[in-house]
Amino acid sequence: MINEQIRDREVRLIGVDGEQLGIVSTRDAMAKAQEAGLDLVKIAPTAKPPVCKIIDYGKYKYELARKEKEARKKQKTIDVKEVRLSPNIDSNDLNTKTNAARKFISKGDKVKVTLRFRGREMAHMYASKHILDEFAEKLSDIAVIEKAPKVEGRSMTMFLTEKR
């Protein structure tokens, strides 16, 4: 809320340089703000009495937007990349998949390793668990298992993340 929108009887006023001017009536606060050629902005509406500050509102909004943009810039989104394997994978193919996963993890992404079963392979699901264990072992220098291998329908999945 700014200027005439402030309906409180009295407010705690903070001056232009950040000094406390004490508790004053809203009318007096408005007069001081107009005298300075600036706006009266309600900073903390839930306080008793509400806190108002004499500032340039346009500049204040710009600063808030800039801080928000800066905070968004520093955020890191973590993607989940998936690597699919099959129970009868050969060692060279496993190495290729491991290198792809290594690349994803080094970029800071999580890796979902999926071992897909089809047809008769479903009967020997747990006999193929060693493939996921071997995959995790090859990446143990840079990755750690976030979620252990777990059967979900026709596949067994495991999540790997970067070591901290």
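What is the residue count in the range 61-108 for residues that are of a type in the set (A, V, I, L, M) and touching a residue at least 24 places away in the same chain (Cβ under 8 Å)? The total comes to 8.
Within the range 128-164, being of a type outside the set (Asp, Glu), open to solvent by 40 Å² or more (accessible area, probe 1.4 Å), in a helix (DSSP H, G or I) and touching a residue at least 12 places away in the same chain (Cβ under 8 Å) holds for Lys129, Lys138.
Does Lys163 meet the test of being over 14 Å from Arg84 (Cα atoms), of a type in the set (Lys, Arg) and at pLDDT below 90? Spelling it out, Lys163 is indeed over 14 Å from Arg84 (Cα atoms), of a type in the set (Lys, Arg) and at pLDDT below 90. What is the one condition in (1) over 12 Å from Asn3 (Cβ atoms); (2) at pLDDT below 90; (3) surrounded by 10 or more Cβ atoms within 10 Å (Cβ to Cβ) that Thr26 does not satisfy? That leaves (1) as the condition not met.
Please return the ranges of helices (runs of 4 or more DSSP H) entirely within the range 24-115 where 1 or more residues are of a type in the set (Lys, Arg) and under 30 Å from Ile145 (Cβ atoms).
Numbers: elements: 26-36, 57-74, 91-106.
Output list reads 57-74, 91-106.
Answer with yes or no whether Asp56 is surrounded by 15 or more Cβ atoms within 10 Å (Cβ to Cβ) and among the acidic types (Asp, Glu). Before the answer, list the steps.
Working: surrounded by 15 or more Cβ atoms within 10 Å (Cβ to Cβ): yes; among the acidic types (Asp, Glu): yes.
When the stated conditions are applied, Asp56 passes them.
State yes or no: is Gly22 out of contact with any Phe, Trp or Tyr (no Cβ under 7 Å at 6 or more places or on another chain) and on the phi > 0 side of the Ramachandran plot? Against the criterion (out of contact with any Phe, Trp or Tyr (no Cβ under 7 Å at 6 or more places or on another chain) and on the phi > 0 side of the Ramachandran plot), Gly22 qualifies. If you check Lys110 against the conditions, is it within 28 Å of the chain's Cα centre (by Cα), open to solvent by less than 70 Å² (accessible area, probe 1.4 Å) and closer than 30 Å to Met158 by Cβ? So Lys110 fits the description; yes.
The values are calculated or read from the model by the stated rules, or taken from the named source; none is laboratory data. What you see is a predicted model; the values in this text were computed from it and never measured. Glycine also receives a Cβ, built like all others from the backbone with ideal geometry; neighbour counts cover every protein chain displayed. Surface accessibility is based on the protein's heavy atoms, side chains included, excluding ligands, DNA and RNA. Shrake-Rupley method; radii C 1.70, N 1.55, O 1.52, S 1.80 Å.
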